[in-house]
Amino acid sequence: MNVKHTLVTTIALLAVFAHTAFAAPEKQAEVSIKFYDKTVYYPGDSETNPVYVYITVSNKSDSSYRFKIADDKMFSMDFIAFNVKKAQLESTQALIRKRTTNQTVYYREVTLEPGEEYSFRENLKDYLEIKEPSIYYIEMRFYPELYRNKDNNITSNRLSLEVRPSPKAAASTSLPVETESAVLLQPEDISPDKVVEQTIIARQKSLWDQFFLYMNLEEILKRDPARSRKYNTISADERADMLRAFKADLMLNRMDKDIVAIPNKFEIENTSYSQTEGTVKVLEWFKNDTYLERKRYTYYVRMRNGIWEIYDYTVDNLGTE
């Protein structure tokens, strides 16, 4: 009788222990996600316009927390995303192939002491097919015992992801400003890619006031070391005269010809920015007799008084077509 009672008690204790062990990850650990170097996102493949997410696993308990992490993180986590119509995004074919193919999954065990964190970065587009512009709501599921035990998971916080339509020069037929108006043009609080897009279109249309609207002429002038030295040693009135002369020379295509060159077409390739600094990479094609020259312009932008301005640029020649 005593033996039986002891056996039942032991089984009950084991059952309680098993339940506790299974639930421990959610009680012990927290997983949080945020965008890594947040930028402007477009539909497309993962290489040309990635959506990097920074993932952090934190030990919120008073004891050590252990989990497994796969070398290929696709066996340690999932992203779940819904659009505004509550339709769930599909997994990428690469993710599906990996999980349906027999293979060895290499992993290591990580131990976090109380208060410690483990962080890594992943490209959301490696996990989900993002084919359409929309607002998406993103969560992550972390598998402490890898994907094979996916019922044991920890769900992260939710992020809101805005995916914009792919920028095309042909789609930009007009600028949101008056071309024949006596009203002084005022720059607007628009994103870095829109600043660059409007500047290029203004140049294509020979709208000089709009072309200079988002350009920090002083910084563009000072790109040349000789001009910069002179500018820094003269009076305020002389600087104003020097800027006016520089602007006139640009309009007459007498200096800094790359910035005033007129592309036959263009395509914004990539945009990245922080709160105060950013870069916009643009592929631009220039017609030259019977062929097109292709170049990559990198425009450097900076936030000043709540407005993004172009203050520098570089040009890479990519050959002809």
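Quick notes on this one:
- Helix axis angle, 192-204 relative to the chain longest principal axis, alpha carbon, degrees: 30
- Fraction of C-alpha pairs exceeding 23 angstrom in the chain: 69 percent, rounded to a whole number.
- Maximal additional length on extending the Y54-F35 stretch stands at 6.3 nm, based on 0.36 nm per residue less the C-alpha distance.
- Counting only protein heavy atoms and a 1.4 Å probe, the chain has 58 square angstrom of accessible area per residue.
- Bridge type composition, the chain - antiparallel percent by DSSP, nearest 5: 95
- Helix 236-251 axis, angle to the chain major axis (alpha carbon atoms, nearest 10°): 90
- With the charge dipole of the chain set up from +1 on Lys and Arg Cβ and -1 on Asp and Glu Cβ about the Cα centre, the Cα lying farthest toward the positive end among the listed residues N270, Y231, Q204 is that of N270.
- The trypsin sites (Lys or Arg not before Pro) of segment 224-321 that meet both conditions, a loop assignment by DSSP and at most 14 other Cβ atoms within 10 Å of the site Cβ, are R254.
- Residue-span extension gain [T101 to K131] - 0.36 nm each, minus C-alpha spacing: 8.3 nm
- In order along segment 33-44, the Karplus-derived 3J(HN,Hα) couplings, from 6.51 cos²θ - 1.76 cosθ + 1.60 at θ = phi - 60°, round to 10, 8, 6, 9, 6, 3, 9, 8, 10, 10, x, x Hz, and Gly and Pro are given as x.
- Under 5 Å from the amide H of N270 lie the amide H atoms of K281, each residue being 5 or more positions distant or on a separate chain, with H modelled from the backbone and absent for Pro and chain starts.
- Taking segment 299-321 and a reference point 7 angstrom along Cα→Cβ of L292, the backbone N atoms nearer than 20 Å belong to 299, 315-321.
- An ellipsoid equivalent to segment 241-311, defined through the eigenvalues of its Cα gyration tensor, has semi-axes of 24, 21, 7 Å when rounded to whole angstrom and sorted largest first.
- Accessible surface of the chain, 1.4 Å probe: 48 percent of it comes from carbon and sulfur atoms.
- Residue-by-residue Karplus 3J(HN,Hα) for segment 298-307, coefficients 6.51, -1.76, 1.60, Hz, glycine and proline x: 10, 9, 9, 10, 9, 7, 9, 6, x, 10
- Mean Cα-pair separation over length for segment 15-166, i.e. relative contact order, pairs under 8 Å, 6 or more apart, %: 34
- Loop-located trypsin sites (Lys or Arg not before Pro) in segment 84-163 (DSSP state not H, G, I, E or B) with no more than 16 neighbouring Cβ atoms inside 10 Å: K85, K86, K131, K150, R158.
The values are calculated or read from the model by the stated rules, or taken from the named source; none is laboratory data. Bear in mind that the values here come from a model prediction, so they are computed numbers and not experimental data. With ideal geometry, Cβ positions are generated from the backbone for all residues, glycine too; neighbour counts draw on all protein chains shown. Note: accessible area is taken over every heavy atom of the protein model, side chains too, but ligands, DNA and RNA are not part of it. Shrake-Rupley method; radii C 1.70, N 1.55, O 1.52, S 1.80 Å.
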